[in-house]
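A.B. asks: Handing you this structure, nothing more for now.
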Amino acid sequence: MATFQEIIKGDKPVLVDFYADWCNPCKMMNPTLKSIKKHFGDNIKILKINVDNNDKVAEKFQVKGIPTFILFREGEIKWRKSGVIEEKEFIRTISSNI
């Protein structure tokens with residue numbers, strides 16, 4: 001299985017969702033993330049990171065609130081935002097990084 005670092009270094013954009021199972025705004029984002037995956041198909045990877053189980057990764061990227069979304073391309077952060085985000089904003093941001 002690929003490591004987190006290997007996954008984000010790919011040439012395909014990777015949207016990382018830092019979440020927790022107890023977080024209601026995080027749960028609200030699940031249908032949006034499914035819709036984004038359907039919209040972009042294999043042109044994007046979506047990786048969900050549970051901050052309760054992966055606190056070292058969350059610390060490394062200074063995740064202070066959840067949900068936090070970070071878009072990586074070739075290992076670089078291209079975009080970052082916390083909170084509930086509209087699907088249109090995701091689509092605009094991802095489209096400009098494909």
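The values are calculated or read from the model by the stated rules, or taken from the named source; none is laboratory data. It should be emphasised that the depicted structure is a prediction, and the values quoted were computed from it without experimental measurement. Heads up, the Cβs are rebuilt from the backbone with ideal geometry, glycines too, and the neighbour counts pull from every protein chain shown.
A.B. asks: Condition first: in contact (Cβ under 8 Å) with a residue 24 or more places away in the chain and surrounded by 13 or more Cβ atoms within 10 Å (Cβ to Cβ). Now tell me which residues in segment 76-98 satisfy that.
C.D. replies: Across segment 76-98, the qualifying residues are Lys78, Ile85, Glu87, Phe90, Ile91, Ile94, Asn97.
A.B. asks: Turning to a different aspect of this structure: Pull out all pairs, ordered by first then second residue, where Cβ-Cβ is under 6 Å, the residues are six or more apart or on different chains, the first lies in segment 22-39 and is closer than 14 Å to Lys88 by Cα, and the second is among the β-branched types (Val, Ile, Thr) and surrounded by 14 or more Cβ atoms within 10 Å (Cβ to Cβ).
C.D. replies: Between residues of segment 22-39 that are closer than 14 Å to Lys88 by Cα and residues that are among the β-branched types (Val, Ile, Thr) and surrounded by 14 or more Cβ atoms within 10 Å (Cβ to Cβ), the close pairs are Leu33/Ile46; Lys37/Ile46.
A.B. asks: What is the one condition in (1) closer than 17 Å to Arg80 by Cα; (2) surrounded by 17 or more Cβ atoms within 10 Å (Cβ to Cβ) that Lys12 does not satisfy?
C.D. replies: Tallying (1) closer than 17 Å to Arg80 by Cα; (2) surrounded by 17 or more Cβ atoms within 10 Å (Cβ to Cβ), Lys12 fails exactly one: (2).
A.B. asks: Here is a further query. Go through segment 66-95 and count every residue that is modelled with pLDDT under 95, in a loop (DSSP other than H, G, I, E, B) and small (Gly, Ala, Ser).
C.D. replies: 1
A.B. asks: I've got another one for you. With respect to Ile36, determine if the residue is in contact with a Leu (Cβ under 8 Å, 6 or more places away or on another chain) and either surrounded by 12 or more Cβ atoms within 10 Å (Cβ to Cβ) or not hydrophobic (A, V, I, L, M, F, W, C) (or both). Step through it out loud before you land on a result.
C.D. replies: Values: in contact with a Leu (Cβ under 8 Å, 6 or more places away or on another chain): yes; either surrounded by 12 or more Cβ atoms within 10 Å (Cβ to Cβ) or not hydrophobic (A, V, I, L, M, F, W, C) (or both): yes.
When the stated conditions are applied, Ile36 passes them.
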